[in-house]
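The block underneath contains the structure these notes are about, expressed in structure tokens.
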Ligand code: BGC
């Protein structure tokens, strides 16, 4: 059977700056993530692997060849990549004056920075700006429409000292997303990027996965993301602020990018959310059933309700009280990016206390990736249909992929998930506009380093030579013909 995708469907891969750029050329050392993965205490207790992004695939210098592969070997017409805030502003931007509008509780809801562009320009690292301009130009030369993610996790060290924040429970000056000053500085960064790169890019993802940033930084026991804290109140504060950052970024990009670079032009701006499938570990156990629904609410819905409805359920009790409704924080969102990987079986842990500390996941026992994530293609269709029914925006699958070192399951994973995307489009009427496989080549998998291999290409750590996995040919077949044959 031939499953034909809509005309103009975007076929791509997704990468992020911290994970893929380093390995060749100038490393990016001025971020919280750099400090985090090199911290001896974090390495000692296993919060991080001890690997360094500096041994990465070297996209910073190899982008042209990589894009050539995307075009000729993968048959792609799109690519998703991110821009490293710490490379553009290694120096402090807080001194640049802007007009910040806040509500009566101090929540930032708008920025005006008309007269500040020159000051930002004086601070920005011009070489980094020039390199990103070359990268985006190269994408265009290769016929790839870029989607640029403005925040894919590292933030400048001057805004977030993750070690001090870890050691003080977040009570320090540079405490990252715990403070709304980070939203203000992010707004300046987004305005500057839109101003300087806007004629090369139209499709922007504001923030990547607010929930993961908040959960892995402020809720998990392992504490693997900066700053490694374990506190529901801080988790919710971070989730709130990163969700608000979307709105501020949306407005700034709309204001500052007036140039058309593609059919999406001048700016088409969305949020990337990670939506996973959750089921009770034991469906006959009422506590597991309740906890599974709760986790689905907090992890899949909370952030979208904030961005689309202004509902900020700050005690996460599944009820939005009048004082938790902040409709004025709702800005636009032209599309929704959905990252989908797997199914999670949720357990209620009786010893947890706070509901947010009372969940656990059953270890994967069935069809699992190397990461221990359960493979469940049908879940992709469900989350796409659910998200469209609720939030009514065009959708891109902005990430979907598998850690599979032995290269045994990637092709099946890709094909089975695309079949579900097609069903979402053809049977459920979801306007899915594109699909970006995660990821182009093996890269730095955050706290787990290089052992986890999601790449369509393997990478030799010394020569940086890329070796195609079996899925490369399979993906090319599909993308070139805009058709999946099953
Ligand atoms: C992130 C990627 C990450 C991938 C696999 C997503 O949550 O956006 O940066 O590498 O999952 O863990």
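Only the coordinates and a few stated rules stand behind these numbers; no lab work does. The shown structure was predicted, so the numbers you read here are calculated from the model rather than taken from an experiment. Cβ placement follows ideal geometry from the backbone for every residue including glycine, while neighbour counts extend to all protein chains displayed.
Pairs of Cα atoms under 8 Å, at least six residues apart: use those to get the relative contact order of the chain, whole percent.
So the answer I get is 18 percent.
Going by the alpha-carbon gyration tensor, a ≥ b ≥ c the square roots of its eigenvalues, is region 36-145 rounded (a/c under 1.5) or, if a/c is not under 1.5, prolate (a/b greater than b/c) versus oblate?
Details: a/c = 2.13, a/b = 1.26, b/c = 1.68.
Here region 36-145 falls in the oblate category.
May I ask you to work out the translational diffusion coefficient for region 184-233 at 20 °C, viscosity 1.002 mPa s, via Stokes-Einstein with Rh from the Kirkwood sum over Cα pairs, reported in whole µm²/s?
After rounding, the answer is 167 µm²/s.
Between residue 126 and residue 350, what is the label-to-label distance in nm when each label sits 7 Å out along the Cα-to-Cβ direction?
Roughly 6.7 nm, to one decimal.
Along the Cα→Cβ direction, 7 angstrom out, place labels at residue 262 and residue 133. What is the inter-label distance in nm?
Here the answer is 2.0 nm between the modelled labels.
Gain in length, residue 73 to residue 55, computed as 0.36 nm per residue apart minus the alpha-carbon separation, to one decimal in nm?
Length gained, residue 73 through residue 55: 4.0 nm.
Rounded to the nearest 0.05, what FRET efficiency do residue 287 and residue 308 give with R0 = 30 Å and r taken as the Cβ-Cβ distance? Could you check? Intermediate values should be presented prior to the final figure.
On the way: r = 30 Å, r/R0 = 1.01.
With a Förster radius of 30 Å, E is 0.50.
What number, in percent, do you get for the relative contact order of region 82-157 if the mean sequence gap of Cα pairs under 8 Å and at least 6 apart is divided by its residue count?
Result for region 82-157 is 49 percent.
How would you classify region 379-486 from its alpha-carbon gyration tensor, with a ≥ b ≥ c the square roots of the eigenvalues: rounded for a/c under 1.5, else prolate if a/b is greater than b/c, otherwise oblate?
Working: a/c = 2.60, a/b = 1.75, b/c = 1.48.
In terms of gyration-tensor shape, prolate.
State the extension gain, in nm to one decimal, for the chain segment bounded by residue 140 and residue 357, taking 0.36 nm per residue of separation less the distance between their alpha-carbons.
Taking 0.36 nm per residue and subtracting the Cα distance, the gain is 73.5 nm.
Based on alpha-carbon positions alone, could you give the equivalent ellipsoid semi-axes of the chain from the gyration tensor, as √(5λ), descending, whole Å? Walk me through the numbers on the way to the answer.
Values: eigenvalues 173, 160, 109 Å².
Equivalent-ellipsoid dimensions as semi-axes: 29, 28, 23 Å.
Taking every DSSP beta bridge that has both residues in the chain, what percent is antiparallel when rounded to the nearest 5?
The answer is about 35 percent antiparallel.
Rounded to whole Å, give me the distance from the Cα center of region 273-305 to that of region 209-250.
18
Going by C-beta contacts inside 10 Å, put 364, 70 in order with the fewest on the left.
364, 70
Which of rounded, prolate or oblate describes region 327-389 when judged by the alpha-carbon gyration tensor and an a/c cut-off of 1.5? Write out the running numbers ahead of the final one.
Details: a/c = 2.92, a/b = 1.29, b/c = 2.27.
Since a/c reaches 1.5 but b/c is at least a/b, the shape of region 327-389 is classed as oblate.
Pairs of alpha-carbon atoms within less than 8 angstrom and 6+ residues apart define the contacts here; what relative contact order does region 259-323 have, in percent?
About 20 percent, as a whole number.
Ratio to report: Rg/Rh of region 297-365, with Cα atoms as the point set and Rh obtained by the Kirkwood method; give two decimals.
1.06
If each of residue 221 and residue 7 carries a label point 7 Å out from its Cα toward its Cβ, how far apart are those two points in nm?
5.5
Scale the Cα Rg of region 1-45 by the rule-of-thumb value 2.2 N^0.38 Å and send over the ratio, two decimals. Mind showing how you got there, number by number?
Details: Rg = 18.9 Å, N = 45, 2.2 N^0.38 = 9.3 Å.
Ratio of Rg to 2.2 N^0.38 Å for region 1-45: 2.02.
Using the count of nearby Cβ atoms within 10 Å as a rough guide to exposure, how do 260, 296 rank from fewest to most?
So the residues, fewest neighbours to most, are 260, 296.
If you stretched the chain out fully between residue 451 and residue 38, how much longer would it get, using 0.36 nm times the residue separation minus the C-alpha to C-alpha distance? Before the final figure, lay out the partial values.
On the way: separation 413, 0.36 × 413 = 148.68 nm, distance 1.68 nm.
Gain on extension, residue 451 to residue 38, equals 147.0 nm.
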